[in-house]
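This report concerns only the one structure given below.
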Amino acid sequence: MSKKTFSNLIFLLLIPLLCVAGLLFFRDKLYAWLSVGITVLCCAGYFLHFEGKEIKSAQLAIISAMTALSVFGRMCFAFLPGFKPCTALVIITGMYFGRESGFMTGAMTALISNFYFGQGAWTPFQMLVWGLTGYAAGMLAERLKKSRPTLLIFGAVSGPAFSLIMDLWSCIWADNGFVPPRCRKFFVRLYRNDAGILVSFKEFLCKITENWQVRRAQSR
Amino acid sequence: MRLSVFHPVSSLIYFAAVLIATMFCFSPAIQICSVVGALLELFMLESKREFFRNLRFTVVVWLAVAVTNPLFSHKGVTPLFFINGRAFTLEALLYGVMLGGSLSAVIMWFKVFSKVFDRERLLYIFGRKTPKLALIITMTRGFVPKLKAQYRRICDGRKCSGTYMSESRIERLKASCGIFTALCSSTLESAVQTGMSMKARGFGTGKRSFAHSFKFRFGDGVFLFVCILLFSAAMIYSGTGKLRADFYPRIAVSSEPLPMLCFAVLCAIPFILEVKESLKWKFCLAKI
């Protein structure tokens, strides 16, 4: 099946079908059903697109190494809540190995780390959000590589954006809509955690990219 | 036949049916059936200690969701008491109990899923249509324990060279960051080597073959048919409003026995199979 027919199939057939099924069977949890269903379809669409591409074995090996690193990072920094190298590693992969690798690393990090931390309805959402972070980093790669401040700003925006989107999703899931006090509570928690997230970005992004650039210079 | 013996496709569809109903059907009957089914199956699959640890975690999650929900939503007609002039209502509390029940049921079913669905089965499911994805998943899951070992080795190396890890959080953080960066470099080097050796051995030149022995047998078909039948019965009843609950402003639960029975049987299938197998085993031992 070509790429175009597949994406048409998803948008014109599967998503409307999902809506109809939701209206028929899951009217009380309509938003939760739709958000999870559409996210799963989007991820599946991207994976099939990835399958269709010519990809070298080295790139596959590097994607899985980066994924393993960020999964392991999530485990070995578990003693500090909020301090995780995952987003930083996903951004770095997107920057240096292209947008496809970025998306795959992000999505696979969410999927595989949840084998250790507990899967749930949140997995597809985490996959999509981390994947898109990597994709965006791949799209902005030239600018991010050129200037350090841009990289730091990108990291500072994308980390909290991840937790923001996940919190919005948990609001939708819990109440089938938005209930202001719950949203407010999530935002307060977000700002408390922010400090940790930002510090972790600065540390990891700087350290790893520095290492990288030194190594590149050496290998030349 | 127990759940882990069935063909991957039929057990995957079974889990999907149970999870979809648990996550998206808004009815106390379904949540209760699902929690009980998952608990029974986990009790059979896990060791006692693991089971009770999981049980404690689940109960904590459940209670946390149940108690915090009334703090956020003040709808409902029967206030229990007031906090800062806002009502803590019975309806919101029960809504929270249900929400927490659905959350913990999902967590437990995923535990069962990861016990039953091993790496080989995942590879079978993903390997046909999306071989690259399957390769990435298996390689990553292979890398993680290696990384653990490497991390420990680097730690030991640092200790020997006199850089001790102290107990304070900041020191520990700094040390972990350093070790992690070292780990990054070494892992990437080995990844590139893996990639090169894959290329040298002709990765991607031939047709991919699979080494597994899953056959779709008659029993799998029967199991699949029963699952789909029970699931669609429960879904149709829930769609027509026979299995639903309204919490705000007043609690109104409508759960008819027949659809509830359908879903209860669906959830209890793995437990029934486990019990049947262990009885058979006991019986055979008695014969010997």
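Name the most mobile residue of B:Glu120, B:Glu91, B:Glu189, meaning the one with the largest mean-square fluctuation, in a Gaussian network model of chain B with Cα contacts below 10 Å.
B:Glu189
Scan the range A:21-109 for chymotrypsin sites (Phe, Trp or Tyr not before Pro) in coil per DSSP, keeping those whose Cβ has at most 13 other Cβ atoms within 10 Å, and list them by number.
Those that pass, being in a loop and sparsely packed, are A:Phe79.
Once you average over the residues of B:23-29, how many Cβ atoms of partner chains fall within 10 Å of each Cβ?
Mean shielding by partner chains, rounded to a whole number: 5.
Taking chain B as a Gaussian network, Cα atoms linked when under 10 Å apart, which of B:Leu42, B:Leu12, B:Leu63 shows the biggest mean-square fluctuation?
Ranking B:Leu42, B:Leu12, B:Leu63 by mean-square fluctuation puts B:Leu63 first.
Would you order B:Met196, A:Met104, B:Met260 from fewest to most other beta-carbon atoms within 10 Å of each residue's own beta-carbon?
Fewest-to-most ranking of B:Met196, A:Met104, B:Met260: B:Met196, B:Met260, A:Met104.
For the protein assembly as shown, what mean projected area does the convex hull of the alpha carbons give, in nm²?
The Cα convex hull of the protein assembly as shown, projected and averaged over all directions, gives 29.5 nm².
I'd like the mean, over residues of B:46-55, of how many other protein chain beta carbons sit within 10 Å of each residue's own Cβ.
Average neighbour count from other chains, rounded to a whole number: 0.
Tell me, what ³J(HN,Hα) does each residue in the range A:92-99 have, in order and in whole Hz, if you take phi through Karplus 6.51 cos²θ - 1.76 cosθ + 1.60 with θ = phi - 60° and put x for Gly and Pro?
4, 4, x, 5, 9, 10, x, 5
Within chain B, which whole H helices from DSSP have a Cα span along their axis of at least 20 Å and a mean Kyte-Doolittle hydropathy of -0.5 or more, if any?
Both cut-offs are met by B:8-24, B:28-45, B:48-72, B:90-116, B:131-160, B:169-200, B:218-239, B:257-287.
Which three lengths, in whole Å and largest first, does the range A:1-54 cover when its Cα atoms are put on their principal axes?
So the extents along the principal axes, rounded to whole Å, are 44, 16, 10.
Determine the calculated [θ] at 222 nm for the protein assembly as shown from helices alone, applying -39500 (n - 2.57) to every DSSP H run no shorter than 4 residues and normalising by the residue count; nearest 500 deg cm²/dmol.
-26500 deg cm²/dmol
Using 19 Å as the Cα-Cα cut-off, could you pick out the over-long pairs in A:Lys53/B:Lys132; A:Lys145/B:Lys148; A:Lys84/B:Lys148; B:Lys48/B:Lys115; A:Lys84/A:Lys146?
Result: A:Lys145/B:Lys148; A:Lys84/A:Lys146 exceed 19 Å.
How high is the relative contact order of chain B, given as a whole-number percent (alpha carbon pairs under 8 Å, six or more residues apart)?
33
Other chains near A:20-27: what is the mean number of their Cβ atoms within 10 Å of each residue's Cβ?
Counting other chains' Cβ atoms within 10 Å and averaging over A:20-27 gives 5.
FYI, it's all coordinate maths here, none of it is from the lab. Predicted, not measured: the structure shown is a model, and the values here were computed from it. Note that each Cβ is placed from the backbone with ideal geometry, even for glycine, and that neighbours are counted across all protein chains shown.
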